[in-house]
1. Could you please let me know if THR53 is touching a helix residue (DSSP H, G or I) at 6+ places or on another chain (Cβ under 7 Å), of a type in the set (S, T, N, Q) and closer than 15 Å to CYS103 by Cβ?
2. Could you list all residues from segment 189-224 that are aliphatic (A, V, I, L, M) and surrounded by fewer than 16 Cβ atoms within 10 Å (Cβ to Cβ)?
3. Can we say SER162 is out of contact with any Cys (no Cβ under 7 Å at 6 or more places or on another chain), part of a loop (DSSP other than H, G, I, E, B), polar (S, T, N, Q) and open to solvent by less than 40 Å² (accessible area, probe 1.4 Å)?
4. Within segment 203-224, is even one residue assigned to a helix (DSSP H, G or I), closer than 20 Å to SER65 by Cα and either in contact with a Lys or Arg (Cβ under 9 Å, 6 or more places away or on another chain) or of a type in the set (Phe, Trp, Tyr) (or both)?
5. If a residue counts only when it is farther than 22 Å from ALA114 by Cα, which strands (runs of 3 or more DSSP E) contained entirely in segment 1-72 have at least 2 such residues?
6. Determine whether segment 32-45 contains at least one residue that is in contact with a helix residue (DSSP H, G or I) (Cβ under 9 Å, 6 or more places away or on another chain) and either without any contact (Cβ under 8 Å) to a residue 60 or more places away in the chain or of a type in the set (Lys, Arg) (or both).
7. Output the qualifying pairs, or none if there are none: Cβ atoms under 9 angstrom, residues six or more apart or on different chains, first residue in segment 124-148 and assigned to a helix (DSSP H, G or I), second residue at pLDDT 80 or above and loosely packed, with under 15 Cβ neighbours inside 10 Å.
8. Exactly one of (1) part of a helix (DSSP H, G or I); (2) open to solvent by less than 70 Å² (accessible area, probe 1.4 Å) is unmet by SER183. Its number?
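The values are calculated or read from the model by the stated rules, or taken from the named source; none is laboratory data. Quick caveat: nothing in here was measured; it's all calculated off a predicted structure. Note: ideal-geometry Cβ built from the backbone for every residue, glycine included; neighbour counts use all protein chains shown. Ligands, DNA and RNA are stripped out before the accessible areas are found, and what is left, the full protein with its side chains, is counted by its heavy atoms. Shrake-Rupley method; radii C 1.70, N 1.55, O 1.52, S 1.80 Å.
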Amino acid sequence: MRESDYAHLYSASFPFWGSIPVAQRARLCAVSRYIRVSSGTLISDGTREGVLTLRSGTARAFLLSEEGREISLFPLAAGDPFFFSVPDVSVPAGVLLSAETDCECCFIPHAAFAEIAARQPAMEIFALQSSLRRAEEINSLLRGILLTGVAQRIAAFLAEESARCGSRILNLTQEEIARKTGSAREVVSRTLKDFSLRGMVETGRGKLRITNPAALAEISRKGR
């Protein structure tokens, strides 16, 4: 990628971009690295340090339990920056990033970003606010997993996915639903079977159709 391509992406993704000197913008572009990742593979295994911004594609941040179960945290879309390490704040240990589709990413190493941020308050404030917002999202999700019943969590996820896609037909496997709701596949299977018997969904191979969205929404609000 050319430095002008990095600059175009960063100007759209970083609110501070126009307020820092031209020489420092050029420095960040010069040290940036272009990363291309295929769908279904890891963008980061938790060891990368710096600022990664998606140029195209979609990704997913997740945690991996000791039993090997994935707990989805939040999605990333084109233009979204993710701070693996910033001055005084880091994302929680163990957060991984996986490409949901083929992704193009631009990465600024931590040392270069931190060096300039130390002299540019707008950069440091943005990094801290972004990291704290992500940390709160993670804490809120984990609290929800601990305090919300599985049926309520799965119902809410299906209702949100339907609204996001604008369709009652969802191309999701039970494994994907389990991963994105922090549940075990066997629990998802039992819950969907219950939903099906109650006339709320119809399941098929790799897809699901919501047949009673009102009932599903009721469970997502109040539980069983």
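1. Against the criterion (touching a helix residue (DSSP H, G or I) at 6+ places or on another chain (Cβ under 7 Å), of a type in the set (S, T, N, Q) and closer than 15 Å to CYS103 by Cβ), THR53 qualifies.
2. LEU197, ALA214
3. No: the conditions fail for SER162.
4. no
5. Passing ranges, in order: 33-37, 59-64.
6. no
7. Within 9 Å, the pairs are GLU124/ALA118; PHE126/PRO15.
8. Of the numbered conditions (1) part of a helix (DSSP H, G or I); (2) open to solvent by less than 70 Å² (accessible area, probe 1.4 Å), the odd one out for SER183 is (1).
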